[in-house]
Amino acid sequence: MKNRRLVMLAVLLLLSITTFTRIEGNDGIRTIQFLSIFAIGAITSLIIREVAEKIKAGK
């Protein structure tokens, strides 16, 4: 179950990065760009936490 959660988070991160790169108009940061960057950061922090828990459980 834990392994499935890590894979699902990785897929969500991949989708959010792909969606962010498809946003046009990089002349300034708009609200949708800010929310996309925030979501990418939040998902990345969840992945880091999951990996840290796996490493800690292995010791």
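The values are calculated or read from the model by the stated rules, or taken from the named source; none is laboratory data. Just so it is clear, the structure is predicted and the values come from calculations on it, not from any experiment. Here Cβ is always computed from backbone atoms with ideal geometry, including for glycine, and neighbour counts include all displayed protein chains. Note: accessible area is taken over every heavy atom of the protein model, side chains too, but ligands, DNA and RNA are not part of it. Shrake-Rupley method; radii C 1.70, N 1.55, O 1.52, S 1.80 Å.
The figures follow:
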read-out: Where LYS54 falls short, out of the listed (1) in a helix (DSSP H, G or I); (2) out of contact with any Lys or Arg (no Cβ under 8 Å at 6 or more places or on another chain); value: (2)
read-out: Filter result (more than 10 Å from the chain's Cα centre (by Cα) and in a helix (DSSP H, G or I)) within segment 28-47; value: THR31, ILE32, GLN33, PHE34, LEU35
read-out: Residue in segment 14-27 that is of a type outside the set (Phe, Trp, Tyr), in contact (Cβ under 8 Å) with a residue 40 or more places away in the chain and not in a loop (DSSP other than H, G, I, E, B) present; value: no
read-out: Scan of segment 39-50 for residues that are open to solvent by 60 Å² or more (accessible area, probe 1.4 Å) and touching a residue at least 12 places away in the same chain (Cβ under 8 Å), ordered by number; value: LEU46
read-out: Flag for THR19 being open to solvent by 60 Å² or more (accessible area, probe 1.4 Å), touching a helix residue (DSSP H, G or I) at 6+ places or on another chain (Cβ under 8 Å) and of a type in the set (Ser, Thr, Tyr); value: yes
read-out: Residues satisfying the stated conditions in segment 1-13, i.e. part of a helix (DSSP H, G or I) and out of contact with any Leu (no Cβ under 8 Å at 6 or more places or on another chain); value: LYS2, ASN3, ARG4, ARG5, LEU6, VAL7, MET8, ALA10, VAL11, LEU12, LEU13
